[in-house]
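Heads up: the structure comes next, in structure tokens.
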């Protein structure tokens with residue numbers, strides 16, 4: 001009986017992860033490179049998930065600028081390849097996203113090495129000044145709402161122009177001083193700020209900037225970027241929440257997740273000396289920062305009005321008062337106690353006290369005390 005000839009042989013050019021044998025590797029298939037991940041084995045063969053990949057993504061995998069899941073999700077065409085233990089391919093089938101099965105895919109955020117920490121599921125620009133990565137159910141790879149994209153881009157612009165830019169360059173027109181931004185990457189959303197740009201002729205019109213060079217601008221931006229990340233770490237430290245930096249908070253407050261945002265986590269990343277630094281903030285951490293900032297700035301306040309909406313999933317309600325609509329957030333114990341009260345329903349009157357954050361679209365309160373709750377007569 002004749003044995004079927006292999007379709008081709010896998011030629012490994014780089015092993016990214018191995019455990020007794022190559023588990024994740026790059027191989028040459030014809031003239032192209034492919035990424036292979038072992039997903040199943042028998043006594044005689046192995047199954048691999050495979051996709052074509054270029055050097056940019058391989059470099060990002062090595063650096064921790066993309067997760068393994070993100071590398072596969074970035075490609076439209078994926079295959080399941082069956083090969084013997086000598087890497088001779090016996091079959092190959094193109095497979096759709098819905099056919100792969102979660103059990104055959106790496107978990108989101110997992111990189112090739114534990115020391116790389118949690119990695120983004122979209123490509124982070126190499127050597128970006130700062131990258132900001134938003135994750136959440138309201139963001140996906142195919143599309144996001146235009147208003148969400150513009151709001152986040154505006155928030156990032158505010159951060160770099162008012163916090164990362166050196167003080168002497170803040171408030172200048174975009175035609176005089178600005179930043180280059182890489183292509184936003186969907187799934188969830190990655191915005192990478194690459195470098196500052198400047199019109200030196202216009203910058204030097206001010207007497208105090210006559211000797212300014214482009215190198216001076218870059219050095220000033222890099223210094224402020226490092227100070228921003230140090231300020232973020234200080235702001236988030238358990239011992240410093242009562243002493244949060246106003247400059248840092250004001251710069252990032254519109255980028256922090258809450259129960260109202262389509263994203264539930266934001267990660268700020270930078271590279272310095274080849275070392276990647278990441279700071280991740282989820283909704284719980286963001287609420288703690290907002291609360292600390294409110295305490296420091298004495299914005300405790302009271303709102304009295306009518307309940308117009310209750311959201312059990314996020315433990316929030318919308319309260320209509322003379323000040324407008326306010327989102328009121330409760331801790332788990334308080335909210336569960338409220339749900340057992342017959343008066344806790346739409347149309348009831350409430351008076352609440354807590355930490356109030358005044359915002360353009362809708363004010364937000366972390367409720368400390370329930371002063372009044374009565375059903376409408």
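Values in this text are rule-based calculations from the coordinates and carry no lab data. Please read all numbers here as calculations on a predicted model, not as lab measurements. In this analysis, Cβ positions are derived from the backbone assuming ideal geometry, glycine residues included, and neighbour counts consider all displayed protein chains.
Okay, here's what the table says:
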quantity: 10, 95, 191, 66 arranged by Cβ crowding within 10 Å, fewest neighbours leading; calculated: 95, 10, 191, 66
quantity: 113, 32, 152, 172 arranged by Cβ crowding within 10 Å, fewest neighbours leading; calculated: 32, 113, 172, 152
quantity: Helix 214-236 axis, angle to the chain major axis (alpha carbon atoms, nearest 10°); calculated: 70
quantity: Extension gain, residue 11 back to residue 146 (0.36 nm per residue minus Cα-Cα distance, nm); calculated: 44.2 nm
quantity: Distance from region 150-207 to region 292-352 (C-alpha centre basis), Å; calculated: 37
quantity: Shape box of region 111-223 [Cα atoms, principal axes, largest first, Å]; calculated: 50, 36, 18
quantity: Separation of the residue 233 and residue 371 label points, Cα + 7 Å toward Cβ, nm; calculated: 4.3
quantity: For region 299-374, convex hull of alpha carbons as volume per residue, Å³; calculated: 78
quantity: On Cα atoms only, tilt of 146-159 relative to the major axis of the chain in degrees; calculated: 80
quantity: Mean-position separation - Cα centroids, region 108-124 and region 40-86, in angstrom; calculated: 15
quantity: Extension reserve of the residue 115-residue 162 stretch, reckoned as 0.36 nm per residue once the Cα distance is removed; calculated: 13.6 nm
quantity: Residue among 131, 175, 269 with the largest mean-square fluctuation in a Gaussian network model of the chain, springs linking Cα atoms under 10 Å; calculated: 175
quantity: Additional length obtainable on full extension of the chain from residue 204 to residue 102, 0.36 nm per residue less Cα span; calculated: 31.0 nm
quantity: 0 to 90° range, to nearest 10: angle between helix 283-296 axis and the chain longest Cα axis; calculated: 30
quantity: With eigenvalues of the C-alpha gyration tensor scaled by 5 and rooted, region 130-294, Å; calculated: 28, 20, 14
quantity: Of [x] 88, 69, 37; [y] 80, 71, 40; [z] 80, 79, 35, the label for Cα extents along the principal axes in Å derived from the coordinates; calculated: [x]
